[in-house]
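The values are calculated or read from the model by the stated rules, or taken from the named source; none is laboratory data. A quick note: this is a predicted structure, and the numbers were derived from the prediction, not measured. Neighbour counts are summed over all protein chains in view; Cβ atoms, including those assigned to glycine, are modelled from backbone coordinates with ideal geometry. Note: areas computed on protein heavy atoms with side chains; ligands, DNA, RNA excluded. Shrake-Rupley method; radii C 1.70, N 1.55, O 1.52, S 1.80 Å.
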Amino acid sequence: GNSVTQMEGPVTLSEEAFLTINCTYTATGYPSLFWYVQYPGEGLQLLLKATKADDKGSNKGFEATYRKETTSFHLEKGSVQVSDSAVYFCALSPLGTSYDKVIFGPGTSLSVIP
Amino acid sequence: DVKVTQSSRYLVKRTGEKVFLECVQDMDHENMFWYRQDPGLGLRLIYFSYDVKMKEKGDIPEGYSVSREKKERFSLILESASTNQTSMYLCASSLLDSNSYEQYFGPGTRLTVT
């Protein structure tokens, strides 16, 4: 079946450090891939997405590349800020009807300290 | 700006009460979803709907029901609230016809059942 695996953390980084949050997936065909972010006390927001192999999604300095050969979609940022402290969810949307469930990973908590 | 709103940010109810959580979206989306989010368990899908008066069970529908009388509104009902339903509840919506089916989330309702 479809599944998403991501490092669970928590991850603690100093401001301006490099961030990588690993995400791998299992799915048939070519799913769409997403990273969502949840700031404290809020709902999830779409951070970036990629809909086909080798696509790179980017937003707010974050990037992730859809790697079909390694079934991965790792999230990276070159220099994190305190305001990036949040929980990050990797997710996939399988092929098929649009109401196929979006599969979310367990989330990775990131804390950035000054 | 797209918007998903939920009727309450915080709610406290007693065991046995009937609880209504309301969700409204202004994006004319066909699909709507209810999730609960618990520490260590991530997001779990309770119910979803792909059209007015249509509903489908998610992963954990027991103890819940839903209602979708209008396209923009999706209600989650706890027929007889129990303490194990204390959780964060998130509503989301998405387009039926899209190349990626990303979901848009509301801010969440933190429900405490005492």
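Structural remarks
- Wholly within the range A:3-81, strands (runs of 3 or more DSSP E) carrying at least 3 residues that are closer than 19 Å to residue A:101 by Cα: A:3-6, A:23-26, A:32-38, A:44-50
- Top-ranked residue in the range A:93-114 [being modelled with pLDDT of 85 or more and more than 9 Å from chain B (Cβ to nearest Cβ); ranked as surrounded by the fewest Cβ atoms within 10 Å (Cβ to Cβ)]: A:114
- Of all residues in the range A:40-60, those satisfying the criterion of being without any contact (Cβ under 8 Å) to a residue 12 or more places away in the chain and within 13 Å of the chain's Cα centre (by Cα) are A:45, A:56, A:58.
- Checklist (1) closer than 16 Å to residue B:86 by Cα; (2) exposed (fewer than 12 other Cβ atoms within 10 Å of the Cβ) applied to residue B:28, failing item: (1)
- Among (1) on the phi > 0 side of the Ramachandran plot; (2) small (Gly, Ala, Ser); (3) within 10 Å of chain A (Cβ to nearest Cβ), the one test that residue B:16 misses: (3)
- Where residue A:66 falls short, out of the listed (1) under 30 Å from residue B:5 (Cβ atoms); (2) open to solvent by less than 10 Å² (accessible area, probe 1.4 Å); (3) at pLDDT 95 or above; (4) within 14 Å of chain B (Cβ to nearest Cβ): (1)
- Number of the exception - residue B:114 against (1) surrounded by fewer than 17 Cβ atoms within 10 Å (Cβ to Cβ); (2) more than 7 Å from every other protein chain (Cβ to nearest Cβ); (3) out of contact with any helix residue (DSSP H, G or I) (no Cβ under 9 Å at 6 or more places or on another chain): (3)
- Residue that is surrounded by the most Cβ atoms within 10 Å (Cβ to Cβ), among those in the range B:50-102 that are more than 25 Å from residue A:48 (Cα to Cα) and among the aromatic types (Phe, Trp, Tyr): B:74
- The range A:12-48, residues that are under 30 Å from residue B:10 (Cβ atoms), buried (at least 17 other Cβ atoms within 10 Å of the Cβ) and away from chain B (no Cβ under 12 Å): A:21
- Selection count where residues are open to solvent by less than 80 Å² (accessible area, probe 1.4 Å) and under 30 Å from residue B:10 (Cβ atoms), scope the range A:49-61: 1
- Every condition in (1) facing chain A (nearest Cβ under 9 Å); (2) more than 19 Å from residue B:18 (Cβ to Cβ); (3) not aliphatic (A, V, I, L, M) holds for residue B:93 except the one numbered (1).
- When restricted to residues that are in a strand (DSSP E or B) and either within 13 Å of residue B:70 (Cα to Cα) or modelled with pLDDT under 95 (or both), the range B:11-30 contains 4.
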